[in-house]
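Before I ask anything, let me first share the structure, which is written out below as structure tokens.
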Amino acid sequence: YEISACLVGSEMCIRDRMCGHSLGEYSALVASQSLNLSDALHLVHKRGLLMEQCQKGSMCAVLNTDLDVISGVCERVENETNNIVSPANFNSPKQTVISGTTEGVELAIKYLKDAGHKKCIKLNVHVASHSNVMIDAIDEFKKVDLRTAKIIKAEKVEKTNKLIKNKFFIILPL
């Protein structure tokens with residue numbers, strides 16, 4: 001909706017600051033006129049093709065569990081095994097999605113459940129979006145010139161009363 005409102009010049013389009021997560025980043029770039037719609041569609045298609053070529057993985061929504069606990073479990077799995085797993089999406093203070101190799105996510109779920117955190121819902125996906133499993137796909141996206149978009153690194157961002165460090169955000173100036 002936001003893209004169409006901005007493309008037709010609607011008063012509903014407020015371009016002071018825009019952001020998006022995952023595919024929503026492309027919507028924000030188009031709505032802010034940092035990327036044209038045709039280029040965005042090409043990138044989204046290319047992104048999908050590259051993701052298909054990456055190692056298969058898994059994702060799981062973890063509910064009612066403190067982010068520090070989830071992060072600790074993911075770190076433990078990575079340290080004990082040769083698997084990747086990390087918090088990927090912070091959907092709400094009570095829901096964090098973890099993502100990584102299938103084995104890494106499965107082991108993290110086991111550790112969480114063993115510690116009493118029973119609400120772990122596997123997502124019906126075969127990719128490890130927003131994790132280091134996708135690292136091989138990143139180089140293709142480095143070729144894009146965002147011209148008017150300004151990319152900043154946020155050292156500390158308050159989320160669910162916790163600090164999430166070293167995340168990147170796109171601030172779209174007008």
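The values are calculated or read from the model by the stated rules, or taken from the named source; none is laboratory data. These figures come from a predicted structure and were not determined experimentally. Neighbour counts run over all protein chains shown; Cβ positions are idealised from the backbone, glycine included.
Return yes when ALA31 is crowded, with 20+ Cβ neighbours inside 10 Å, over 18 Å from HIS130 (Cα atoms) and modelled with pLDDT under 90 and no when it is not. Walk me through how you get there before you give the answer.
Details: crowded, with 20+ Cβ neighbours inside 10 Å: yes; over 18 Å from HIS130 (Cα atoms): yes; modelled with pLDDT under 90: yes.
Yes; evaluated as a whole, the condition is true for this residue.
Quick check: anything in the stretch 12-25 in contact (Cβ under 8 Å) with a residue 40 or more places away in the chain, touching a helix residue (DSSP H, G or I) at 6+ places or on another chain (Cβ under 9 Å) and part of a helix (DSSP H, G or I)?
No.
Looking at the stretch 6-28, which of its residues are closer than 18 Å to HIS130 by Cα and modelled with pLDDT under 80?
Within the stretch 6-28, CYS19, GLY20, HIS21 qualify.
Moving on. Any idea how many residues of the stretch 38-60 are loosely packed, with under 12 Cβ neighbours inside 10 Å and of a type in the set (A, V, I, L, M)?
Total meeting the criteria: 1.
Let me ask something else. Examine the stretch 44-66 for a residue that is modelled with pLDDT under 90 and more than 18 Å from MET134 (Cα to Cα), and state whether such a residue exists.
No, the stretch 44-66 contains no residue that is modelled with pLDDT under 90 and more than 18 Å from MET134 (Cα to Cα).
List the pairs whose first member sits in the stretch 102-128 and is in contact (Cβ under 8 Å) with a residue 60 or more places away in the chain, whose second member is in a helix (DSSP H, G or I), and whose Cβ atoms are under 6 Å apart, counting only residues at least 6 apart or on separate chains?
Short answer, once both residue conditions are applied: CYS120/ILE109; CYS120/LEU112; VAL127/MET51.
To continue, here is another question. So ILE3 fits all but one of (1) part of a loop (DSSP other than H, G, I, E, B); (2) closer than 25 Å to VAL127 by Cβ; (3) at pLDDT below 75; what number is the exception?
The one condition ILE3 does not meet is (1).
So that you can scan it fast, the table gives a plain yes or no per residue for (1) more than 19 Å from the chain's Cα centre (by Cα); (2) modelled with pLDDT under 90:
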| site | (1), (2) |
| --- | --- |
| LEU41 | no, yes |
| ILE70 | no, no |
| VAL77 | yes, no |
| ASP145 | yes, yes |
